[in-house]
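What follows is a short report on a single structure.
Every number here is computed from the coordinates shown, using simple stated rules; none is lab data. All values derive from a computational prediction rather than experimental measurement. Ideal geometry is used to build each Cβ from the backbone, glycine not excepted, and the neighbour counts take in all protein chains shown.
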Amino acid sequence: MEGLLDFGSLAIQAVNLAVVAYVLKRFVFSPYLAYLDEEQAKRDEIERSHEVVREAEESARKKAAGIVEEAKREGKNIREESKTLAKQEASLIVFEANKEAEAVRAKGLADIGNERRALEESLRAKVVSVALKINEKVFGKSEANADLVKSLAKDL
C-alpha cells in the first residue's frame, strides 16, 4: 500500500493547492468580489436615482394636473365674466340705439310739424289769394273786404 500513497507527494500537492488557493483568493476572487460589490453599489445608486426621478415625475404630473384644473377654472371664470360684460355692452348699445331712435323720431316729428305749418301758411296764402280774387270778381275791387278775409284766414 505504500506504493499507492506517497505522503511526500501528497504534502507537496497540498502545499501547491494551498498556494494556488491563496493566489486565486488574493488576486482573482477578492478583486472580482470587490468589483461585484462596486457594481452592486452602482446599481443600488441608479435604482435610488430612478426612484427619486419617478417620485419627481409623479409630483410634476400631479402639479401639472393641478395647474390644468386651475387654468380650466380660470378660463371658465373669464368666459362668465366675458358673457356678463357682453350682456352689459349689449344693453348699453340697445339703450344708445333707443335713445338715438327717439332723437331721430323727435326730429322727424318736428320736421313734420314745421312742414305742416309751412303747408298751412302756403295754403292760407293761396286761400286768401283766391278769396281776394273772388272778392274782386264779386265786388269789382281787389281791396274790398281784404282785411276781413286776412283776419278770417289767420283765425283758421
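Give the residue list of trypsin sites (Lys or Arg not before Pro) in region 1-47 that are DSSP loop and have at most 12 other beta-carbon atoms within 10 angstrom.
Answer by residue number: there is no such site.
Given the options 106, 11, 56, which has the most mean-square fluctuation in a GNM of the chain, springs set between C-alpha atoms less than 10 angstrom apart?
Top of the fluctuation ranking is 11.
Quickly estimate the mean residue ellipticity at 222 nm for the chain, helices only: each DSSP H run with n ≥ 4 gives -39500 (n - 2.57), and the total goes over all residues, rounded to 500.
-33000 deg cm²/dmol
Evaluate the charge dipole of the chain about its Cα centre and quote only its size in Debye, nearest 20, assuming +1 on the Cβ of each Lys and Arg and -1 on the Cβ of each Asp and Glu.
My answer is approximately 1860 debye.
Relative to the longest principal Cα axis of the chain, at what angle does helix 7-24 sit, 0 to 90 degrees, rounded to 10?
Approximately 20 degrees, to the nearest ten.
Would you work out which of 68, 9, 94 lies farthest towards the positive end of the dipole of region 7-116? Charges go on Cβ: Lys and Arg +1, Asp and Glu -1.
Going by the Cα projections, it comes out as 9.
Over all pairs of distinct alpha carbons, what does the Kirkwood formula give as the hydrodynamic radius of the chain, in Å?
29.3 Å is the Kirkwood radius here.
How far, in degrees from 0 to 90, does helix 30-139 lean away from the longest principal axis of the Cα atoms of the chain, to the nearest 10?
Approximately 0 degrees, to the nearest 10.
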